[in-house]
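To keep things clear, I will list the structure first and then write my remarks on it.
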Amino acid sequence: MNNLILIDGNAIMHRAFHAYPLLTSSDNTPTNVIYGFLAMLYKTVVDFKPTHLAVVFDTPKPTFRNKLYEKYQIQRPKIDDKFAVQIPLVKQAIDEASIYRLEKDGYEADDIIGTICEIFKNNQDYKIIIVSGDKDIFQLVNDKTFVATPIAGLSTVKIYNETEIKQKLDILPSQVVDYKALVGDPSDNYPGAKGIGPINAAKLIQKFGSIDNIYKNLDKIESEKIKNILICEKENVYLSKKLATIIKDAPIEIDINKLKFNGFNKKLKDFLEKYEIFSLVKRIFGEKKEEKKPEKKQDQISLF
């Protein structure tokens, strides 16, 4: 059995930025995101032993979701400059490590991941593990696809299979899109049905199975309040479902040979030494050098 690991690059970079205090190299280049991302990448390799590996990123370009709903993700704050400057460096580190990196203008990382999962869905020789903190990705989980979500910063991960998602949300992975259509998503700024929370959303989906069936059976909903909300919010519900749905036919081509993981290329060692991240040189390549302390005196968080 081959293990195909798909890492949501943006999600893990954000986790790293918030998990670690500011670290800098001697030329004042911020390195906490680089460190946190690569530490998580290394932990992923050790824990899951991938035969195939890819890191997928969003791009700054608008997606079809922005065209559907102009307020989509509009509330998100401007990226911190100390974070932004590290994004190209993380991508450079991935390239130096000889790990396959993929992004596509007009599509989110979730869409690229969903498309790769679709490509491999009938190939029984591959188990897929998606590393992401984004709960939307739960909709891709099935008997051969799992989600590994970092918890406690980046120190550990929780594996979600179909059973775990059922226990967490009281719905099946295939119903996550309908669930999100009802509850909305404040982080992505789409509305759902205002007035219907997670508990009632799960109950409705358990009873009727899907959004379409809910609207076909409004007369069977006992609560007049919930029924009226659904009627008034129908347009927002169906809009939210479109926004929440991960597409599985993004225009990408995948060469499985390029996804093969044969260990970290030694060029990554040179990259880490350039930015004075010597603890990862030791961890990944088994070599010890003196670690330069960050210029700002801050408590270090040891998560790995």
Checklist entry - Which of (1) farther than 19 Å from residue 116 by Cα; (2) in contact with a strand residue (DSSP E or B) (Cβ under 8 Å, 6 or more places away or on another chain); (3) surrounded by fewer than 20 Cβ atoms within 10 Å (Cβ to Cβ); (4) at pLDDT 95 or above is the odd one out, the single condition residue 25 does not satisfy? => result (2)
Checklist entry - (1) part of a helix (DSSP H, G or I); (2) surrounded by 15 or more Cβ atoms within 10 Å (Cβ to Cβ); (3) under 24 Å from the mean Cα position of the chain (by Cα): which one isn't true of residue 257, the others all being true? => result (2)
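Step by step: first the residues of region 156-203, then only those that are part of a helix (DSSP H, G or I) and among the polar types (S, T, N, Q), then the one that is farthest from the chain's Cα centre (by Cα). Which residue is that? Walk me through it before giving the result.
Restricting attention to region 156-203, the residues satisfying the condition of being part of a helix (DSSP H, G or I) are 162-169, 173-183, 198-203.
If we keep only those that are among the polar types (S, T, N, Q) as well, we get 163, 167, 174-175, 200.
Working: 163: 20, 167: 20, 174: 18, 175: 19, 200: 26 Å.
So, considering only residues that are part of a helix (DSSP H, G or I) and among the polar types (S, T, N, Q), the one farthest from the chain's Cα centre (by Cα) is 200.
Any chance region 222-229 includes a residue that's of a type outside the set (Val, Ile, Thr), touching a helix residue (DSSP H, G or I) at 6+ places or on another chain (Cβ under 9 Å) and not assigned by TED's automatic domain parsing to the domain that holds residue 90?
The initial filter retains those residues of region 222-229 that are of a type outside the set (Val, Ile, Thr), namely 222-225, 227-228.
In the following step, the residues that additionally are touching a helix residue (DSSP H, G or I) at 6+ places or on another chain (Cβ under 9 Å) were identified as 223, 227.
With not assigned by TED's automatic domain parsing to the domain that holds residue 90 added as a condition, the list becomes 223, 227.
Yes, region 222-229 contains at least one residue that is of a type outside the set (Val, Ile, Thr), touching a helix residue (DSSP H, G or I) at 6+ places or on another chain (Cβ under 9 Å) and not assigned by TED's automatic domain parsing to the domain that holds residue 90.
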Checklist entry - For region 138-153, what are the residues that are surrounded by fewer than 22 Cβ atoms within 10 Å (Cβ to Cβ), assigned to a loop (DSSP other than H, G, I, E, B) and either of a type outside the set (Lys, Arg) or out of contact with any strand residue (DSSP E or B) (no Cβ under 7 Å at 6 or more places or on another chain) (or both)? => result 142, 143, 152, 153
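Inside region 56-137, counting only helices (runs of 4 or more DSSP H) that do not spill past its ends, which hold 3 or more residues that are in contact (Cβ under 8 Å) with a residue 12 or more places away in the chain and within 19 Å of the chain's Cα centre (by Cα)? Explain how you work it out, then say what you get.
Working: elements: 64-68, 81-84, 87-96, 109-119.
Of the helices (runs of 4 or more DSSP H) lying wholly inside region 56-137, those with at least 3 residues that are in contact (Cβ under 8 Å) with a residue 12 or more places away in the chain and within 19 Å of the chain's Cα centre (by Cα) span 87-96, 109-119.
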Checklist entry - Hey, does region 16-23 have a residue that's among the hydrophobic types (A, V, I, L, M, F, W, C), assigned by TED's automatic domain parsing to the domain that holds residue 267 and under 19 Å from residue 274 (Cα atoms)? => result yes
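Give region 36-55 a look and list any residue that's outside any helix (DSSP H, G or I) and surrounded by 19 or more Cβ atoms within 10 Å (Cβ to Cβ), or say none. Spell out the reasoning first.
Start the filter on region 36-55 by keeping residues that are outside any helix (DSSP H, G or I), which leaves 49-55.
The answer is 50, 52, 53, 54, 55.
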Next on the checklist: Considering only region 234-242, I want to know if a residue exists there that is hydroxyl-bearing (Ser, Thr, Tyr) and within 28 Å of the chain's Cα centre (by Cα).
Outcome noted: yes
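Any residue at all in region 64-87 that's under 23 Å from residue 282 (Cβ atoms), surrounded by fewer than 18 Cβ atoms within 10 Å (Cβ to Cβ) and modelled with pLDDT of 95 or more?
Going through region 64-87, the residues under 23 Å from residue 282 (Cβ atoms) turn out to be 86.
Add one more test, that the residue is surrounded by fewer than 18 Cβ atoms within 10 Å (Cβ to Cβ), and what stays is none.
No, region 64-87 has no match at all.
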Item to check | Filter pass, residue 187 being under 27 Å from residue 71 (Cβ atoms), surrounded by fewer than 21 Cβ atoms within 10 Å (Cβ to Cβ) and out of contact with any Phe, Trp or Tyr (no Cβ under 9 Å at 6 or more places or on another chain) | outcome: yes
Next on the checklist: For region 61-71, check the following and say yes or no: at least one residue is more than 18 Å from residue 8 (Cβ to Cβ) and acidic (Asp, Glu).
Outcome noted: yes
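The values are calculated or read from the model by the stated rules, or taken from the named source; none is laboratory data. Nothing here was measured: the structure is a model prediction, and the numbers come from that model. Heads up, the Cβs are rebuilt from the backbone with ideal geometry, glycines too, and the neighbour counts pull from every protein chain shown.
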